[in-house]
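Some notes on the structure that comes next.
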Amino acid sequence: MLRDDLVYLIERNRAEGELKLPPERELAQQLGVARETLRKQLAGLVRSGHLVKRIGRGGGTFIQEEVDGPYTQPESSEKDPPLVIHRSLNSVEGVPTFLTDQGFKATTAILKTEERFAGPCEREGLELDRGDRVVTIKRLRSANGTPLSLEKMTLPADIFPDLLKRDLRSIYALMHSDYGVKVDTAKETITVARASSAAAYQLTISLGDPLFDISRIAYAQDGRPIELSRDFFRADITRLTVRSNGKTDPTREYRVTADGTIQ
């Protein structure tokens with residue numbers, strides 16, 4: 001769009017310290033548009049505060065030297081999510097636990113389970129030997145009936161024998177109650193991904209919508225890795241929070257806008 005091209009040009013010139021735009025005729029040729037079309041867009045950018053018109057000697061169209069405002073565009077109120085779920089990155093707890101604590105009804109659909117030999121990445125992440133087996137569990141989590149996340153969890157089969165015969169809605173609780181194993185710490189890597197057709201179908205979102213892509217290795221109290229997981233959370237209804245251990249103890253909250261930008 002012409003306005004987007006002009007805004008990009010304005011920001012590039014501002015960053016380079018070039019605050020005067022070329023004459024309209026030259027700028028129209030540069031952008032490949034009619035002068036009248038360009039003039040209408042420039043007038044709109046004057047009204048929005050991006051530009052200022054100056055007349056007289058040395059006049060022309062100038063870029064405002066500094067524009068205060070956010071680096072992301074505000075989202076339309078029409079896109080406000082039906083619910084907002086907070087997931088703290090400071091604690092290791094299952095989805096049903098933090099959903100219940102926030103007053104949501106948590107439900108889990110088991111999509112697939114299997115026991116098999118560990119692959120190379122699983123052997124490396126879980127510190128297993130060739131020939132060791134793992135159990136994998138794929139689940140769909142929902143809050144108040146709204147699909148929230150897709151999860152794939154991989155666990156060492158020798159630590160959790162016959163796991164797949166049990167109720168798999170809350171694995172962390174099951175680890176503790178049936179196997180005497182408790183997750184002590186976890187290392188998580190968070191990126192932003194785009195929903196595939198399969199994810200979009202399961203999470204009832206659109207193809208390409210942003211997701212929080214969270215990869216995790218969890219460790220027991222003895223330091224042994226016991227969980228290798230990858231979770232995809234809907235970014236439109238999930239907020240990730242981190243609390244530092246500094247004296248001021250600030251809290252950071254992360255969210256993703258519709259264009260995939262982390263705020």
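The values are calculated or read from the model by the stated rules, or taken from the named source; none is laboratory data. Values in this document were obtained by computation on a predicted structure and should not be read as measured data. We place every Cβ from the backbone using ideal geometry, glycine too, and count neighbours over all the protein chains shown. What goes into the accessible areas is simple: the full protein's heavy atoms, side chains included, and nothing from ligands, DNA or RNA. Shrake-Rupley method; radii C 1.70, N 1.55, O 1.52, S 1.80 Å.
Applying the selection to region 8-31, what residues are modelled with pLDDT of 85 or more and open to solvent by less than 70 Å² (accessible area, probe 1.4 Å)?
Hits for region 8-31 are L9, I10, N13, L19, L21, P22, E24, L27, A28, L31.
So for region 119-128 (the condition being crowded, with 17+ Cβ neighbours inside 10 Å, in contact (Cβ under 8 Å) with a residue 60 or more places away in the chain, in contact with a Pro (Cβ under 9 Å, 6 or more places away or on another chain) and of a type in the set (A, V, I, L, M)), does at least one residue qualify?
yes
Pick from region 156-167 the residues that are open to solvent by 40 Å² or more (accessible area, probe 1.4 Å) and in contact (Cβ under 8 Å) with a residue 12 or more places away in the chain: which of them is farthest from the chain's Cα centre (by Cα)? Spell out how you get there, then give the answer.
Within region 156-167, the subset open to solvent by 40 Å² or more (accessible area, probe 1.4 Å) is 158, 161-162, 164-167.
Then drop every residue that is not in contact (Cβ under 8 Å) with a residue 12 or more places away in the chain, which leaves 158, 164, 166.
On the way: D158: 34, L164: 30, R166: 32 Å.
Out of the qualifying residues, it is D158.
Report, by residue number, each residue of region 141-154 that is within 16 Å of E114 (Cα to Cα) and either open to solvent by less than 50 Å² (accessible area, probe 1.4 Å) or not in a strand (DSSP E or B) (or both). Can you show your working first?
Here is the first cut: in region 141-154, the residues within 16 Å of E114 (Cα to Cα) are 151-154.
Selection gives E151, M153, T154.
Every residue, every condition in (1) more than 10 Å from the chain's Cα centre (by Cα); (2) surrounded by fewer than 19 Cβ atoms within 10 Å (Cβ to Cβ), yes or no:
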| site | (1), (2) |
| --- | --- |
| H176 | yes, yes |
| G180 | yes, yes |
| T191 | no, yes |
| D222 | yes, yes |
| I226 | yes, no |
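Answer yes or no as to whether Y201 is under 26 Å from K105 (Cβ atoms), surrounded by 14 or more Cβ atoms within 10 Å (Cβ to Cβ) and hydroxyl-bearing (S, T, Y). Can you show your working first?
Numbers: under 26 Å from K105 (Cβ atoms): yes; surrounded by 14 or more Cβ atoms within 10 Å (Cβ to Cβ): no; hydroxyl-bearing (S, T, Y): yes.
The answer is no for Y201.
Yes or no, residue by residue, for (1) modelled with pLDDT under 90; (2) among the polar types (S, T, N, Q); (3) in contact with a helix residue (DSSP H, G or I) (Cβ under 8 Å, 6 or more places away or on another chain); (4) over 30 Å from P210 (Cα atoms):
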residue: R141; (1), (2), (3), (4): no, no, yes, no
residue: N144; (1), (2), (3), (4): no, yes, no, no
residue: K152; (1), (2), (3), (4): no, no, no, no
residue: D158; (1), (2), (3), (4): no, no, no, yes
residue: P161; (1), (2), (3), (4): no, no, no, yes
residue: L164; (1), (2), (3), (4): no, no, no, yes
residue: M175; (1), (2), (3), (4): no, no, no, yes
residue: G180; (1), (2), (3), (4): no, no, no, yes
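Report every pair of residues separated by at least 6 positions or lying on different chains whose Cβ atoms are under 9 Å apart, first residue within region 169-189 and among the aromatic types (F, W, Y), second open to solvent by 40 Å² or more (accessible area, probe 1.4 Å).
Here the result reads Y172/V92; Y172/E93; Y172/T97; Y172/K182; Y179/P161, each pair linking region 169-189 to a residue that is open to solvent by 40 Å² or more (accessible area, probe 1.4 Å).
For region 173-187, what are the residues that are part of a helix (DSSP H, G or I), out of contact with any Lys or Arg (no Cβ under 8 Å at 6 or more places or on another chain) and not small (G, A, S)? Outline the logic, then answer.
The initial filter retains those residues of region 173-187 that are part of a helix (DSSP H, G or I), namely 173-179.
From what's left, out of contact with any Lys or Arg (no Cβ under 8 Å at 6 or more places or on another chain): 173, 177, 179.
Residue satisfying the conditions is Y179 alone.
Checking the condition more than 21 Å from the chain's Cα centre (by Cα) and of a type in the set (S, T, Y), which residue from S196, S170 passes? Lay out the reasoning, then the answer.
On the way: S196 fails: more than 21 Å from the chain's Cα centre (by Cα).
None of the other options fit; the residue is S170.
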